[in-house]
Amino acid sequence: MQRVLMKGNEAIAEGAIRAGCKGFFGYPITPSSEIAEYMARKMPALGGVFVQAESELAAINMVYGGAATGSRVMTASSGPGISLKQEGISFLAEGELPCLIVDICRGGPGLGGIQPSQADYFQATRGGGHGDYHIIVLAPSSAQEMMDFTMLGFELADKHRSPVMIMAEGTLGNLIEPVVLRDAVTEFVDKPWAITGCRGRQPNIVNTLHMPVELLQTRNQHLTKKYEAIRSEEIRSEEFMTEDADLILVAYGIMARIARKAVINARQLGLKTGLIRPITLWPYPYETLGRAARHCKAMVSVEISTVGQMIEDIRLAAEGKVPVHYIGEIGRTPNPEEITQQLLAIAEREGLR
Amino acid sequence: MARGVVTFYSDRCKACGLCMLFCPKQIMDFDKTSINSLGYHPVSVAKPEECNGCGICALMCPDLVIEVGRE
Amino acid sequence: MKIIAKKPESLTGAKYHYCPGCTHGIIHRLVAEVMDELDIREQTIGICPVGCSVLAYDYFNCDMLEAAHGRAPAIATAIKRLLPDRYLFTYQGDGDLASIGMGEIVHASMRGEKITTIFVNNTLYGMTGGQMAPTTLLGQVTTTSPYGRKAEWEGYPAKMCELLSINEGAAYVCRTAVNNPANIIKTKKAIKKAFQIQAEGLGFTMVEVLSTCPTNWGLSPTDALKWMEEHMIPYYPLGEFKVKGE
């Protein structure tokens, strides 16, 4: 077992290589570019393909073509680049082409800034492109998980024939931590649908056009069923000290680590707090949150966003049973002490102290 | 002189007339006595004995209507 | 009896949805005949565009992928890089290639991607009802240039062969037409040459084929051929613009 110091972005790239990724198609954008740089260095010797595309549009469509061959392929970008890729992601979802899309988030809207952000939550979880679809979204919270979730992402993509997104803050992409290098994946699923040339078989077609209304309906019903299966099999979350908690924080990614410390701080000050960390942002752990809402007194969304995006999912899960508060800002990551202070203020308002 | 045998898949014909335009023998015409499933008078060879099997009609046909053989 | 002409194996034989006299059907057949003659049907992957030929995946009897508007060269790039011994062709109209897909085609040619692009130029957007394309001729009336295309309003028609042939990565760039039997035979030769140059790995290859749109030009199929000869060919001269090594 080898343990090395790695940047989060590098852990993603190395994880992808260990997961058998054969093609990387990207376009530079801060704070994700180290992933492309790592792949550019490593892929040639591994017999893989690295192409720096002319745009994010081209990059995601290269992913579309690459995934159609049955190879494990990926791209990585950040907020504005992911916006451009959304059309392609819609095509990938309907073409049922497994692939990995990494979003190392920066602040928006517009060009925004390159500071850490979780403000891509909407475009990640709402199927930011056109049409009825979802993609699986995994939110790592450490360099180790950047590697592990990348490998898991490829596995889930193949299992469900769906694009999978890794959504992480720029902080995590650039954070250097010890990472245990995982064994390379050696077994892969068959992809008889792949476009490889029709030697010895009928031609395969990858297509997203369905002009007859019955076909359009059948395709959408098929996807809907698939999303139901993903919901029943793939929801992942973690709970910390939620059993007796009056005030439950909900945070993901690097915010979950910081919120965890705030929970410990608040407990020391006599406030019964707990934490739910969604790991899959889609499918979202509504049931876990809904259960918690039945016994806690209030919930708090902690996000690196000013508007508050995940808070909408928390409210859906809470179904009005408890008030849902918000702690969040953009451009900097609040520290545990600051969050603790805000929790105390919320507790005061809710009469919990 | 070579003799051509032209076979028509008339249900594919859209009566565009490109084959007729370039037939060097000018022996093709719309068959006004029939209407195909697409709603057109399909093209046919009015004087088959004059066909030399050059294949130009099939070359011009956009719709794979015509097969040409040469004896 | 010797068979002179019949449906190539590389076409499924499904009835085309194209309008009467539309020369897409001729161009499909030529691509398929080349695949038959080179015996590469089972090694070929085709990418179809958005536009009139969006349904080409129903017509070519090989592995096919339907692309987002304009992105076929990017898709073909990835497939060719991952499967370098396959033949890749993109089949794209002028709206798809010269407008929304201008970036992808220019960069695929600059990178010298070993693919073959069949670029069908009929001077307008056919599928959406005859709107102006980058290739619409000056003075030509379309539904979005109702007063005729004017250089001061809409700029000049895009000459894609001329534009792409200056790229080092372009190995073969040729413009042909399908307005008469002689030009159809030349078109097939050009497509075959493009596939052969692709196989030699010399770089990007493209055959621009001038095609008709009788419906949106408002002409009969036979008059459309004349219009192509009188208006398109003078502005879009036929011939080879780039043959690497020659």
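The values are calculated or read from the model by the stated rules, or taken from the named source; none is laboratory data. Note that the coordinates shown come from a computational prediction; the quantities given were computed from them, not determined experimentally. Counting neighbours? That spans all protein chains shown, and the Cβs are built from the backbone with ideal geometry, glycine included. For accessibility, only protein heavy atoms count, side chains too; no ligands or nucleic acids. Shrake-Rupley method; radii C 1.70, N 1.55, O 1.52, S 1.80 Å.
Here's how it looks for A:Glu169: its modeled amide H is under 5 Å from those of A:Cys105, A:Ile254, which are all 5 or more places away or on a different chain. In this structure, the amide hydrogen of C:Tyr87, modeled 1.01 Å from its nitrogen in the peptide plane, lies closer than 5 angstrom to those of C:Thr44, C:Ile45, counting only residues at least 5 positions away or on a different chain. Once a ≥ b ≥ c are taken as the square roots of the eigenvalues of the Cα gyration tensor of segment A:127-284, is the result rounded (a/c under 1.5), prolate (a/b larger than b/c) or oblate (a/b not larger than b/c)? Note, shape of segment A:127-284 comes out prolate.
For segment C:56-121, just say rounded, prolate or oblate: build the C-alpha gyration tensor, square-root its eigenvalues into a ≥ b ≥ c, call rounded for a/c under 1.5, and beyond that prolate if a/b exceeds b/c, oblate if not. Walk me through the numbers before you get to the answer.
Numbers: a/c = 1.89, a/b = 1.09, b/c = 1.74.
Since a/c reaches 1.5 but b/c is at least a/b, the shape of segment C:56-121 is classed as oblate.
Taken residue by residue and averaged, Cβ atoms of other chains lying within 10 Å of the Cβ of C:59-71 number 6.
What's the whole-number percent of alpha carbon pairs in segment A:1-128 lying beyond 18 angstrom? Working shown, then result.
Details: 4120 of 8128 pairs.
For segment A:1-128, the fraction of Cα-Cα distances above 18 Å is 51 percent.
Our analysis of the protein assembly as shown gives Rg over Rh at 1.08, with the two radii drawn from alpha carbon positions and Rh computed by the Kirkwood formula.
Using a 1.4 Å probe on the protein chains only, how many percent of the accessible area of segment A:237-349 belongs to carbon and sulfur?
Working: 2220 of 4480 Å².
So the carbon and sulfur contribution to the accessible surface is 49 percent.
When each of the peptides B:2-9, A:54-61 is scored by the mean number of other C-beta atoms lying within 10 Å of its residues, the order from highest to lowest reads A:54-61, B:2-9. Only Cα pairs under 8 Å and 6+ residues apart enter the sum, and on that basis the relative contact order of segment A:101-233 stands at 24 percent. The Cα atoms of segment A:237-349 cover 31, 30, 24 Å along the three principal axes, with the biggest extent listed first.
Mind pulling the angle between the C-alpha long axis of helix A:56-68 and the longest principal axis of chain A? Nearest 10 degrees, somewhere in 0 to 90. Approximately 60 degrees, to the nearest ten. With Cα atoms defining each centre, segment A:128-177 and segment C:109-158 are spaced 41 Å apart in the structure. The contact between chain B and chain C removes approximately 2200 Å² from the accessible area (both sides summed; 1.4 Å probe; ligands, DNA and RNA excluded).
Ligands, DNA and RNA left out, the 1.4 Å accessible surface of segment A:76-140 is 60% carbon and sulfur atoms. Applying 1/(1 + (r/R0)^6) with R0 = 41 Å to the Cβ-Cβ distance of C:Ile233 and B:Ser37 gives a FRET efficiency near 0.70. Here the scattering of chain B is modelled by Debye summation over its C-alpha atoms, one equal scatterer each and no solvent; at q = 0.17, 0.19, 0.20 Å⁻¹ the log10 of I(q)/I(0) is -0.53, -0.66, -0.73.
Over segment A:158-309, what is the relative contact order in percent, taking alpha-carbon pairs closer than 8 angstrom and at least six residues apart?
For segment A:158-309, the relative contact order is 23 percent.
Shape of segment A:209-256 from its Cα gyration tensor (a ≥ b ≥ c, root eigenvalues): rounded if a/c is under 1.5, otherwise prolate when a/b > b/c, or oblate? It would help to have the intermediate numbers written out before the result.
On the way: a/c = 4.42, a/b = 3.44, b/c = 1.28.
Prolate shape, in that a/c is at least 1.5 and a/b is the bigger ratio.
Springs between alpha-carbon pairs under 10 angstrom, Gaussian network model over chain C: which of C:Ala108, C:Ala171, C:Ala78 fluctuates most? In the Gaussian network model the winner is C:Ala78. With respect to chain A, whose longest principal axis is taken over its alpha-carbon atoms, helix A:254-268 is tilted by about 20°. For B:Lys47, the aspartates and glutamates whose Cα falls under 18 Å of its own Cα, not counting residues fewer than eight places away in the same chain, are B:Asp29, B:Asp31, B:Glu67, B:Glu71.
Counting only lysines at least 8 places from A:Lys261 when in the same chain, those with an alpha carbon closer than 22 Å to its own are A:Lys272, A:Lys297. What the Cα atoms of segment C:84-243 give is an Rg and a Dmax of 15.4, 49 Å. Heavy atoms of the protein chains alone define the surface here; on that basis the protein assembly as shown has 38 Å² accessible area per residue at 1.4 Å probe size.
Loop only by DSSP, 11 or fewer other Cβ within 10 Å of the Cβ. Give me the trypsin sites (Lys or Arg not before Pro) in segment A:189-234 that pass, ordered by residue number. Could the numbers behind the result be given before it?
Working: sites: A:Arg199, A:Arg201, A:Arg219, A:Lys225, A:Lys226, A:Arg231; in loops: A:Arg199, A:Arg201.
The qualifying sites are A:Arg199, A:Arg201.
Structure remark: mean-square fluctuation, Gaussian network model of chain C, C-alpha springs under 10 Å; the largest value among C:Thr215, C:Thr144, C:Thr176 belongs to C:Thr144.
Would you work out the charge dipole size for segment C:1-70 about its Cα centre, treating the Cβ of every Lys and Arg as +1 and the Cβ of every Asp and Glu as -1, and quote it to the nearest 20 debye?
Values: 6 positive and 9 negative charges, 73 e Å.
Computed about the Cα centre, the dipole is about 360 debye.
Entry note, chain A: relative contact order of 17 percent, from Cα contacts under 8 Å with a spacing of 6+ residues.
Simple rule: put +1 on each Lys or Arg Cβ and -1 on each Asp or Glu Cβ in the protein assembly as shown, find the dipole, and look at A:Ala58, A:Ala139, A:Gly48; the Cα lying farthest toward the positive end is A:Gly48.
What's the average, rounded to a whole number, of partner chain beta-carbon atoms within 10 Å of each residue's beta-carbon in B:53-59?
Details: counts 5, 3, 5, 5, 2, 5, 12.
The mean count of partner-chain Cβ atoms within 10 Å per residue comes to 5.
Tell me, what is the Rg over Rh of segment A:3-234, with Rh the Kirkwood radius over Cα pairs? Spell out each step's value before the answer.
Working: Rg = 16.9 Å, Rh = 17.6 Å.
Radius of gyration relative to Kirkwood radius: 0.96.
Dipole check for chain A: with +1 at the C-beta of Lys and Arg, -1 at the C-beta of Asp and Glu, and the Cα centre as origin, the magnitude is about 340 Debye.
Protection proxy ranking, highest mean first, for peptides C:218-224, A:347-353, B:56-62: B:56-62, C:218-224, A:347-353, where packing is the per-residue count of other beta-carbon atoms within 10 Å, averaged.
If packing is taken as the mean number of other Cβ atoms within 10 Å per residue, what is the order of C:19-25, C:236-242, A:277-283, C:87-93, highest first?
Working: C:19-25: 24.9, C:236-242: 17.3, A:277-283: 23.0, C:87-93: 29.1.
Ranking the peptides C:19-25, C:236-242, A:277-283, C:87-93 by packing returns C:87-93, C:19-25, A:277-283, C:236-242.
Positive end of the dipole of segment C:61-111 (Cβ unit charges, origin at the Cα centre): among C:Ile105, C:Tyr91, C:Thr77, the Cα lying farthest that way belongs to C:Thr77. Between A:Phe122 and A:Val180, residue separation times 0.36 nm minus the direct Cα-Cα distance comes to 17.7 nm.
Rounded to the nearest 20 debye, what is the charge dipole size of the protein assembly as shown about its Cα centre when +1 sits on each Lys and Arg Cβ and -1 on each Asp and Glu Cβ? List each step's numbers first, then the result.
Values: 66 positive and 73 negative charges, 137 e Å.
The calculated dipole for the protein assembly as shown is roughly 660 debye.
Given R₀ = 25 Å, what would the calculated FRET efficiency be for A:Arg294 paired with A:Arg267, taking r from the Cβ atoms and rounding to 0.05? Please report the intermediate quantities before stating the final value.
On the way: r = 21 Å, r/R0 = 0.85.
Efficiency computed from Cβ-Cβ geometry: 0.75.
For C:Gly130, the residues whose modelled amide H falls within less than 5 Å of its own, excluding neighbours fewer than 5 places apart on the same chain, are C:Tyr125.
Relative to the longest principal axis of the Cα atoms of chain A, helix A:8-18 runs at roughly 40 degrees. Per residue of C:98-109, other chain Cβ atoms within 10 Å of the residue Cβ number 2 on average. Look at the dipole of segment A:220-275 built from charges on Cβ: of A:Gln221, A:Phe240, A:Ala259, the Cα furthest out on the positive end belongs to A:Ala259.
Quote to one decimal, in nm, the extra length available between C:Ile185 and C:Val141 on full extension: 0.36 nm per residue of separation minus the C-alpha distance between them. Display every interim value, and only then the final one.
Values: separation 44, 0.36 × 44 = 15.84 nm, distance 3.06 nm.
Length difference between fully extended and current span is 12.8 nm.
Relative to the present Cα-Cα distance, how much length would full extension add between A:Glu187 and A:Gln202 at 0.36 nm per residue of separation?
Going from the current span to full extension adds 2.8 nm.
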